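Participant: Mind looking over this structure? Questions follow.
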Amino acid sequence: MAEKAVRERTGMFNKDHPKYKWIALSNTTLGILMATINGSIVLISLPAIFKGIKLNPLEPGNVSYLLWMLTGYILVTAVLVVSFGRLGDLYGRVRIYNLGFVIFTISAIFLVFDPFTSGAGALWLIGWRVVQAVGGAMLFANSTAILTDAFPIERRGFALGINQVAGIAGTFLGLIVGGVLAELDWRAVFIVSVPFGILGTIWSYKSLHEVGTRATGKVDWPGNIVFGIGLIALLSGITYGIQPYGDSSTGWTNPWVLAGIIGGAILLVFFVFLELRVKDPMFNMRLFRIRAFAFGNFAGLLASIGRGGLQFMLIIWLQGIWLPLHGYSYESTPLWAGIYLLPLTVGFLVSGPISGTLSDRFGARTFATAGLLLVGLTFVALLFIPVNFEYWIFAMLTFLNGVGSGMFAAPNRTAIMNSVPANQRGAASGMTGTFQNAGNSLSIGIFFSLMIAGLSVTLPNAMRAGLTSHGVSSTVADQVAATPPVGSLFAAFLGYNPIESILGPTGVLKSLTSSNAAALTGKAFFPQLISDPFHAGLVIVFIAAAVMSVIGAVASLAMGGKYVHVEEPLRNNPAEVLSDV
């Protein structure tokens, strides 16, 4: 009996075992990797998914399905992570985390067995993706807090570095995994999560324990509701801003878009005042008085916007121009785009754990600042390579971009989590997750709009000249040239033949000679047509991204030296209980 008792106390799954922290690290890394892979896996596999459910997403009435398939998961995750982080503080981080695995896995099963096609099939997928995002938000919100509880201060940077690398690497890996699985079957994109979800659920319930400090109080329902509605309205408004409205190539003058953005912003401002006055707030806004927390999250938001924008622009660049020019069919470009973006993922995987470990010794500021400056430099460098580039140059620049992102991400998250009280870690982790996921969502609206603004100046004339030179009447060419560029961008993004998507419904291709029709729908016409206009748009996009990176680097520099919160109750001014280590 004595031997049995000793084994129970010292087993690796026991919270007092010296190796328990590694169990926590491995499990939460799996959880966060699954949650973030599923945030991006759909991006690259959308053509196969829409083909599987027999829906053309480029038809005017179907664009909303496309936008919600693109952004629904990220948007819901961004909205809910703070709430689930706070629930973890109140009722147990492991409890909420484990429930997240269950919800995530069940929804993955329902996604595989979509019984409908067309619009109904799209609504089924969007609905269960939203449910899956609820589970993902539970995992995302509490994984960082669980690790902060399990690891001592001197090893926390390494642990959070691994976790953060897994989280952001998941967004890159999702592109590759989605491209490969979409080649097999569109349902494989969703079924891949099922065995890992079952494994993670069983493992987490068996191995993880509550070791953190719980907060006292009750659920702040008014705060949760105001925050949720406000953030959904704001992010949805910005996302729908890329849809044409009236005579405009974008939707920023659409009354509904303006109402969403302005109304959402007003609600979020009201949320701040509300949280400062309630007894048990959903999120303690006074945490923003902590310099490392405030500047770290601001830098994280800017980095996330830039990283998300980079993904979208590189996918369009590869799928719409570079890959077709190098002999790849439009249908195969989603898979190869994921493969050719591997250097970006490798750079991040190499630098993330190393910078996280070094930040334990030297602090986060140097690594986070240098990382974002390197990212900014790569954005500028990408402007100086031709649209039809030599791949080794592109690979080197994207690798360095990944290195810079890795240098920033792990130390930044460690500095943020070290700076907050133990009983606020769940909500703090959730708020950080909100900034990261909101940045990904914002990047779609911001960077697509900037690219459309650049294309709108030069693409219409190029399109008109190119079409008329291949036998298309000037009347039809004028109509096509007047079409908002967002259609061509989405076609390239989805791996469709852009010219065939535009001219096919008009019947014009059937009236042309076979040589002209073949030339227009071939692999060279659209890439050559859009190269100069695309580069003009790319200048606007990447300069904006570089500026964001530099501002983020300044914010990282302003975080201060290496600080760790003394484990005392939160005072009115949290900065008073920080100690330099």
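Participant: Taking only protein heavy atoms into account and a 1.4 Å probe, give the accessible area per residue of segment 110-187 in Å². Show your work: numbers first, answer last.
Facilitator: Details: 2330 Å² over 78 residues.
Ligands and nucleic acids excluded, the figure is 30 Å² per residue.
Participant: Could you sort the peptides 250-258, 82-90, 506-514 by per-residue average Cβ neighbour count (10 Å cutoff), highest mean leading? All intermediate terms of the calculation are to be shown ahead of the outcome.
Facilitator: Values: 250-258: 16.8, 82-90: 27.2, 506-514: 13.1.
Sorting 250-258, 82-90, 506-514 by mean packing, highest first, produces 82-90, 250-258, 506-514.
Participant: Indicate the gyration tensor shape class of segment 369-493 (rounded, prolate or oblate), computed on the Cα atoms with a ≥ b ≥ c the square roots of the eigenvalues: a/c under 1.5 is rounded; otherwise a/b larger than b/c is prolate and the rest oblate. Kindly include the intermediate steps, with their values, before the conclusion.
Facilitator: Values: a/c = 4.57, a/b = 2.08, b/c = 2.20.
Oblate.
Participant: Please state, to two decimals, what the Cα-based radius of gyration of segment 281-331 comes to when divided by 2.2 N^0.38 Å (N = residues). All intermediate terms of the calculation are to be shown ahead of the outcome.
Facilitator: Working: Rg = 19.4 Å, N = 51, 2.2 N^0.38 = 9.8 Å.
Dividing the Cα Rg of segment 281-331 by 2.2 N^0.38 Å gives 1.98.
Participant: Given Cα positions, please report Rg to Rh for segment 397-442, the hydrodynamic radius being the Kirkwood one.
Facilitator: On the way: Rg = 12.8 Å, Rh = 11.9 Å.
Using Cα coordinates only, the ratio equals 1.08.
Participant: Per 5 Å bin, what is the whole-percent P(r) computed from every C-alpha pair distance within segment 429-520?
Facilitator: Going out from 0 Å in 5 Å bins, segment 429-520 shows 2, 12, 19, 20, 15, 9, 7, 5, 4, 3, 2, 1, 0 percent.
Participant: Add +1 for every Lys or Arg and -1 for every Asp or Glu among the other residues with Cβ under 14 Å from the Cβ of PHE116, and state the total. Display every interim value, and only then the final one.
Facilitator: Numbers: positive: LYS54, ARG187; negative: ASP114.
Residues close to PHE116 contribute a combined charge of +1.
Participant: Could you check the simple spin-label distance between VAL130 and LYS206, using points 7 Å along Cα→Cβ, in nm with one decimal?
Facilitator: 3.6 nm
Participant: Let me ask something else. Report the Cα-based extents of segment 236-307 along its three principal axes, largest first, to the nearest Å.
Facilitator: Computed over the Cα atoms, the extents are 48, 30, 13 Å.
Participant: For Cα pairs less than 8 Å apart in space and 6+ apart in sequence, what is the mean separation divided by the residue count of the chain, i.e. the relative contact order in percent?
Facilitator: Values: 1090 pairs, mean separation 123.2, N = 581.
RCO, the chain: 21 percent.
Participant: Within the P(r) computed for segment 368-425, what percentage of the Cα pairs occupies the region above 13 Å?
Facilitator: In whole percent, the share of Cα-Cα pairs in segment 368-425 beyond 13 Å is 64.
Participant: Continuing with this model, one more query. What number, rounded to the nearest 500 deg cm²/dmol, is the helix-based mean residue ellipticity at 222 nm of the chain, given -39500 (n - 2.57) per DSSP H run of at least four residues and division by all its residues? Intermediate values should be presented prior to the final figure.
Facilitator: Values: 22 runs with 429 residues, N = 581.
Helix contribution divided over all residues of the chain: -25500 deg cm²/dmol.
Participant: Among THR357, VAL42, GLY230, whose Cα sits farthest toward the positive end of the charge dipole of the chain (+1 at Cβ of Lys/Arg, -1 at Cβ of Asp/Glu, about the Cα centre)?
Facilitator: THR357
Participant: Viscosity 1.306 mPa s, temperature 10 °C: Stokes-Einstein D of segment 285-426 from its Kirkwood Cα radius, in µm² per second?
Facilitator: On the way: Rh = 16.4 Å.
The estimated diffusion coefficient comes to 97 µm²/s.
Participant: Shifting gears a bit: Which peptide among 321-330, 415-424 comes first, and what is the full order, when sorted by highest mean count of other Cβ atoms within 10 Å? Intermediate results must be reported in sequence, preceding the final value.
Facilitator: Working: 321-330: 18.6, 415-424: 24.3.
Result, highest mean Cβ count within 10 Å first: 415-424, 321-330.
Participant: How large is the accessible surface per residue of segment 315-416, computed with a 1.4 Å probe and reported in Å² as a whole number? If you can, show how the numbers build up before the last one.
Facilitator: Values: 3490 Å² over 102 residues.
I get 34 Å² per residue for this part.
Participant: Considering all projection directions equally, how large on average is the shadow of the alpha-carbon convex hull of segment 417-470, in square nanometres? All intermediate terms of the calculation are to be shown ahead of the outcome.
Facilitator: Working: hull surface 21.6 nm².
Its Cα hull, projected and averaged over all orientations, spans 5.4 nm².
Participant: Ratio of segment 328-375's C-alpha Rg to 2.2 N^0.38 Å, to two decimals?
Facilitator: Here the Cα radius of gyration is 1.66 times the empirical estimate.
Participant: Roughly speaking, what is the centre-to-centre gap between segment 16-91 and segment 182-237 when only Cα atoms are used, to the nearest Å?
Facilitator: 8 Å
Participant: Here's a follow-up. Taking only Cα atoms, what is the 0 to 90° angle, nearest 10, from helix 93-112's long axis to the longest principal axis of the chain?
Facilitator: Approximately 30 degrees, to the nearest ten.
Participant: Continuing with the same structure: Of the accessible area of the chain, with the probe set at 1.4 angstrom, what percent is carbon plus sulfur? Intermediate values should be presented prior to the final figure.
Facilitator: Numbers: 14640 of 21700 Å².
Looking at the chain in its full context, I get 67 percent from C and S.
Participant: Here is a further query. So for TYR340, TYR97, what's the accessible-area order with a 1.4 Å probe, most first?
Facilitator: Working: TYR340 45, TYR97 0 Å².
The ranking, largest first, comes out as TYR340, TYR97.
Participant: Sort 215-224, 59-68, 154-163 for me by packing, meaning the mean count of neighbouring Cβ atoms within 10 Å per residue, highest on top.
Facilitator: Top of the packing list down: 154-163, 59-68, 215-224.
Participant: Give, as a single signed number, the net charge of other residues whose beta carbon lies under 12 Å from the beta carbon of LYS279, with Lys and Arg counted +1 and Asp and Glu -1. Don't jump to the answer; show the numbers that get you there.
Facilitator: Details: positive: LYS218, ARG277; negative: ASP220, GLU275, ASP280.
Spelling it out: positives minus negatives among the neighbours equals -1.
The values are calculated or read from the model by the stated rules, or taken from the named source; none is laboratory data. These figures come from a predicted structure and were not determined experimentally. Methodologically, a virtual Cβ is constructed for each residue, glycine included, from the backbone with ideal geometry; neighbour enumeration extends over all protein chains shown. Protein only, heavy atoms only, side chains kept; ligands, DNA and RNA dropped before computing areas. Shrake-Rupley method; radii C 1.70, N 1.55, O 1.52, S 1.80 Å.
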